[in-house]
1. Do we have V129 as at pLDDT below 95, in contact with a Ser or Thr (Cβ under 6 Å, 6 or more places away or on another chain), open to solvent by less than 60 Å² (accessible area, probe 1.4 Å) and not small (G, A, S) here?
2. Does segment 77-94 contain at least one residue that is β-branched (V, I, T) and farther than 16 Å from A125 by Cβ?
3. All but one of (1) under 21 Å from the mean Cα position of the chain (by Cα); (2) surrounded by fewer than 16 Cβ atoms within 10 Å (Cβ to Cβ); (3) closer than 16 Å to V324 by Cα hold for K180; which doesn't?
4. Return the pairs, sorted by first residue and then second, in which the second residue is among the hydrophobic types (A, V, I, L, M, F, W, C) and not in a helix (DSSP H, G or I), the first residue lies in segment 52-71 and is at positive phi, the beta carbons are less than 9 Å apart, and the residues are 6+ apart or on different chains.
5. Is at least one residue of segment 265-277 closer than 27 Å to L50 by Cβ and open to solvent by 10 Å² or more (accessible area, probe 1.4 Å)?
6. Can you tell me which residue within segment 71-84, out of those that are at pLDDT 95 or above and farther than 18 Å from G146 by Cβ, is surrounded by the fewest Cβ atoms within 10 Å (Cβ to Cβ)?
7. Mind listing just one residue for me: the one in segment 78-102 that is closer than 14 Å to G56 by Cβ and of a type in the set (S, T, N, Q) and, of those, farthest from the chain's Cα centre (by Cα)?
8. Looking at the structure I just gave you, is A125 under 24 Å from L328 (Cβ atoms), in contact with a helix residue (DSSP H, G or I) (Cβ under 7 Å, 6 or more places away or on another chain) and assigned to a loop (DSSP other than H, G, I, E, B)?
Amino acid sequence: MKAQRDTAKILVTFVKNSVSSVVKKNPHLTIKALQTPKYHTTDLSKHSFLITGGAGFIGSNLVAYLLGNNAKKVRVLDNLATGFRKNLDAFQDNPSFEFLEGDIRDLETCKKAMDGIDYVSHQAALGSVPRSINNPLTSNEVNVTGFLNMLVAQKESESVKRLVYAASSSTYGDSKNLPKVEDTIGKPLSPYAVTKLVNELYADVFHKTYGTETVGLRYFNVFGPNQSPTGAYAAVIPLFMQALKDKKSPTINGDGEQTRDFTFVQNAVQANVRAFFAKEEAVNEVFNVAFGERISLNTLWENLKSISGIDITATYGPPRKGDVRDSLANIDKARKLLEYNPLFSVKQGLQLTWEQF
């Protein structure tokens, strides 16, 4: 663990000292693309990638990594319902970048997006437990029907080798076991959790029936640059950062002692890249993607106050419906089969995100 922290510290220092000159010489690159080491040994210039939801938070960080490492083509499919074109502005003049505005709920659009593509990272979804509780029909249409369309398009594609998809830690539901291990789940606590469980079931059936290659990544509370603090369903970390920036007291749901395994986005990018090229043993499997440590929301808030140098007292509201109390991932399976090795701790991720914010 100490080696991981030291590596990340060295990387951040290197970026701060050298990024300006590198970006001037290569204006299509972004700081985010230069903050991480290479997670691949394959020559990316020989492969084409499709990132659904690529204008969103995790997707745009993955786009930055692929283009920053000379991918042959990176195509983004996004309907811009929750993503932002500004997240892709840095890539517009890159000849390897292509943007396709469209909706995964349309099968023909999914087929078109996969034309000539080697690897797919399916990030497009309607996130948020409260959103799914307020509008379960739309969450189902996007997260279930949209995912099924992607699987059908993959099955009919002549070029796609593998589809990596965003699963969710919400799949663990009411299971009280800690840390969370992939083979032991409970009953879902929200419509969103149901949709993500259905994704895993469909992926399994398609692999067994049609031979398609899929890899599922169960994200644990991913945060980082490009995560929006606006909207009714914004995540807690950008909301906390916006509150600090505005010098306003944030609202913590419940007593604040609920715990989460917060995961810096570059760790999620690593998991996607590893999954593209992982050995056959990883196919048709799901993996926890996290750092492997948990902190409470109260501790998170104290850390952010320390990083920002701003001292504000939080207020407390009622607990949110559908939320799990505690979350902590066992990442042994991902370490073994994906060679996943998360480099950025929560504190390091918070520091980098606050500087960008």
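1. Details: at pLDDT below 95: yes; in contact with a Ser or Thr (Cβ under 6 Å, 6 or more places away or on another chain): yes; open to solvent by less than 60 Å² (accessible area, probe 1.4 Å): yes; not small (G, A, S): yes.
Considered against the rule, which asks whether it is at pLDDT below 95, in contact with a Ser or Thr (Cβ under 6 Å, 6 or more places away or on another chain), open to solvent by less than 60 Å² (accessible area, probe 1.4 Å) and not small (G, A, S), V129 comes out as yes.
2. Looking only at segment 77-94, we keep the residues that are β-branched (V, I, T), and these are 82.
Still in the running and farther than 16 Å from A125 by Cβ: none.
No, every residue in segment 77-94 fails to be β-branched (V, I, T) and farther than 16 Å from A125 by Cβ.
3. So K180 meets the others, but not (2).
4. G53/V76; G53/L77; G53/I104; G53/A124; G53/A125; G53/A166
5. Going through segment 265-277, the residues closer than 27 Å to L50 by Cβ turn out to be 265-277.
Filter once more, so that each one left must be open to solvent by 10 Å² or more (accessible area, probe 1.4 Å): 274, 277.
Yes, some residue in segment 265-277 is closer than 27 Å to L50 by Cβ and open to solvent by 10 Å² or more (accessible area, probe 1.4 Å).
6. K72
7. Only one residue tops the list, namely N79.
8. Numbers: under 24 Å from L328 (Cβ atoms): yes; in contact with a helix residue (DSSP H, G or I) (Cβ under 7 Å, 6 or more places away or on another chain): yes; assigned to a loop (DSSP other than H, G, I, E, B): yes.
So A125 passes the test.
The values are calculated or read from the model by the stated rules, or taken from the named source; none is laboratory data. The structure displayed is predicted, hence computed values, not measured ones. Cβ atoms come from the backbone with ideal geometry, glycine included; neighbour counts cover every protein chain shown. These area figures cover heavy atoms from the full protein model, side chains too; ligands, DNA and RNA do not enter into them. Shrake-Rupley method; radii C 1.70, N 1.55, O 1.52, S 1.80 Å.
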